[in-house]
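Since every read-out is calculated from the coordinates, none of them should be taken as a lab result. Remember, it's a predicted structure, so these values are computed and weren't measured experimentally. For neighbour counting, all protein chains shown are included, and Cβ atoms are generated from backbone atoms with ideal geometry for every residue, glycine included.
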Amino acid sequence: MSNNQEGFRIYEYIAFAGITLFTFALCVSMGSVSVPIRDTITILGNSIWGIPIPATITSPAIILSIRLPRVICVALTGASLSLAGGAMQGLLRNPLADGSTLGVSSGASLGAVIAIAFGITIPSLPFAGTMVMAIAFAFISLIIILSLAYKLDYSLATNTIILIGVIYSMFISSILSLIITFASDKVQHITFWTMGSLAGSSLNNARVLLMALVTFGGVILLHARELNAFAIGEENARHIGVNVKRVKLIIMIAVSGLIGVCVSIGGTIGFVGLVTPHMVRMITGPNHKRLLPASLFGGATFLMLADLVARILLNPLELPIGVVTSFIGALLFVYIFYTSRRKTHA
Amino acid sequence: MLEVKNLTVQYGNLIIVDAVSFSANEGQWLMIVGPNGAGKSTILKAISQAVPYSGKVEFDNTNIAKYKSHERAKIIGVLAQSNFINYSFTVQEVIRLGRYAYAPGIFSRQSEGDERYIAEAIEMTGLGPLLSQSVLTLSGGELQRVFLAQLFAQNPRLLLLDEPTNHLDLLYQKQIFALIKEWLKAPGRAVISVVHDLSLAKAYGKQALLLDKGKIKALGQIDEVLTAKNLDVVYSMDVYAWMRAKLGQWK
């Protein structure tokens, strides 16, 4: 009955990290040109320690300058989106909540697109303008969606909040399409913003993603206990002494930060935050002290595999990564919705 | 212990609670009774700072509004009418959260006393055999007992109960009220509860507050408050005759 019984155990960390690392090596070695996994590991290992790569190994450039940054970005995006999804599902005690189902990701893309189309930049930090706008719009979207939900249905029923999210997403998408049509010379194609892609991402992107994950993700991880209280019920959380207003605000900012940064780099990759925590919950249970760390690894693994499928399924053509995640996510959404409805009516 | 002065709650122009003053002292069990819409639950919500109000709510001569969330939770505990959980937390996880107020910070560790209070709460409510069971598998009565255990672990001095057994069958109703009566025996504690069932109020309450459309109709020892004269006016019917008729069937 000790306190650490609730936490994520060491051997679980090792197991999850092992699976993630294996997936990582697999995803770096596979692709349009397959490099044997042993060679991949040699290339990675040698370049980390600064040992020259043996000439017998072909194509170290593909591994190091193309696939490696991409897979790192994919893993970090997967981890971030899953953590954000897990936090939202706890905060709103709604297993269907996710950046994409609530419309937060659409909001973030609108922010990013506006920044690009109207040339909003922050002096000396050219990339930050897009990112800050994406985070700000993600936050505003969350506020709008939640205030609407509270107005319509104070108990925050699953259906109400998802319905609002869907309508909000569609509304934002229409504005998004409009802006992209007018500014087609500046803004990337609409599919990037609706389906996402991490093709061509750089190590610089990875650095930004890592920083966001450490700061915003760290804040979420430190609030696991409060999220448990929210997941049991907001009223109960208040009764046991949680400062519900402050915690809600902190989590919302952290979630917006994660989603905003991910969207500004990789577009809207849907359902990642829905799929991962749901799968992970089956192993760890709903306690956020276990669920959240496991979601980090699970999300990285899931998105790396999804990206791999997107790259090799129709080789040499490449699918947008969101096609893969949405395909899996939408099916799972129906399943969760169905089972949770049955529970309620039992 | 608790001093409520001139409490008024208003939604727009609608006055729900109208200048209500009362107090609750150590060892007291105050029953708030009255018809639907009289403002009973709203009074509890105001005391636990869940709704905006005017007037003053003081605990041991300190304004409750000034307390931080976790400090308030150490003094006042609330048992809601019903709780619905979406995720399969275990019984133990829900009970343990009752100690949140004693280690509210991000880095604060749980204190030594935690385990003792948690064990006591489990012992009192007899939930030992269910500890690692998922709350989703529990009946409404069992779930309410879990939240009562959480409340006991929280160890507040004042308990606010908002019709805690409204949707429970008789056995659980009896269990919950018996447990609260037991809890109240320790020194320095008091209970205020909103109850619909006047017989239940009479059976467990020592003091009563009869509300009529947000105003106090009567306040004092329960037998002096729940008189035929008072009740008939508030409920617009012959309450005693109705109660006797209901009981008469069981001879």
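In the structure shown, the pairs B:K40/B:K68; A:K245/B:K202; A:K248/B:K56; A:K151/B:K206 are assessed against 31 Å; a Cα-Cα span above that value is assigned to A:K245/B:K202; A:K151/B:K206. Of the residues A:F327, A:F182, A:S197, the one whose Cα sits farthest toward the positive end of the charge dipole of chain A, with +1 on the Cβ of Lys and Arg and -1 on the Cβ of Asp and Glu, is A:F327. Placing a pseudo-label 7 Å from each Cα along the Cα-to-Cβ vector at A:N315 and B:M124 gives an inter-label distance of 6.6 nm.
Diffusion coefficient of the stretch A:3-345 by Stokes-Einstein, Kirkwood radius over Cα pairs, 10 °C, 1.306 mPa s: 77 µm²/s. From helices alone, chain B scores -10500 deg cm²/dmol at 222 nm; the rule is -39500 (n - 2.57) for each run of n ≥ 4 DSSP H residues, then divide by the residue total. Note on the protein assembly as shown: antiparallel DSSP beta bridges, both residues inside, total approximately 55 percent of the bridges counted. Shown in residue order for the stretch B:62-78 are the 3J(HN,Hα) couplings computed by the Karplus curve 6.51 cos²θ - 1.76 cosθ + 1.60 at θ = phi - 60°: 10, 5, 5, 4, 7, 6, 6, 3, 6, 5, 5, 5, 6, 9, 10, x, 10 Hz (x for Gly and Pro). Extension gain for the segment B:D60 to B:S21, taken as residue separation times 0.36 nm less the Cα-Cα distance, is 12.5 nm to one decimal. Note: relative contact order over chain A, using C-alpha pairs below 8 Å and six or more positions apart, is 30 percent. In this calculation the C-beta distance from B:A178 to B:L131 is compared with R0 = 25 Å, giving a FRET efficiency of 0.70. Across chain A, the longest piece that holds none of the trypsin sites (Lys or Arg not before Pro) lying in DSSP loops with up to 13 other C-beta atoms within 10 Å covers A:10-185. At an R0 of 56 angstrom, the distance between the Cβ atoms of A:L163 and A:A55 translates into a FRET efficiency of 0.40. Annotation for the stretch B:1-107: chymotrypsin sites (Phe, Trp or Tyr not before Pro) lying in DSSP loop with at most 15 further Cβ atoms inside 10 Å of their Cβ are B:F84, B:F107. In the stretch A:141-184, which chymotrypsin sites (Phe, Trp or Tyr not before Pro) fall in coil by DSSP and have 14 or fewer other Cβ atoms within 10 Å? Here the chymotrypsin sites (Phe, Trp or Tyr not before Pro) that fit, given the DSSP loop and packing criteria, are A:Y154.
The GNM of chain B, with springs linking C-alpha atoms under 10 angstrom apart, assigns the highest mean-square fluctuation among B:N230, B:N86, B:N36 to B:N86. Would you work out if the protein assembly as shown is rounded, prolate or oblate? Take a ≥ b ≥ c from the square roots of the eigenvalues of the alpha-carbon gyration tensor; rounded if a/c is under 1.5, else prolate when a/b is larger than b/c, oblate otherwise. Prolate, because a/c is 1.5 or more and a/b exceeds b/c.
Dipole size of the protein assembly as shown about its Cα centre, with +1 on Lys/Arg Cβ and -1 on Asp/Glu Cβ: approximately 360 debye, rounded to the nearest 20. Helices in chain A that qualify as membrane-span-like (whole DSSP H runs, Cα extent of at least 15 Å along the helix axis, mean Kyte-Doolittle hydropathy of 1.6 or higher) are A:10-29, A:104-117, A:128-152, A:158-182, A:244-266. Fully extending the segment from A:S34 to A:T215 would add 61.6 nm, taking 0.36 nm per residue of separation and subtracting the current Cα-Cα distance.
Shown is the FRET efficiency for A:R341 and A:I143, computed with R0 = 30 Å from the Cβ-Cβ distance and rounded to the nearest 0.05: 0.60.
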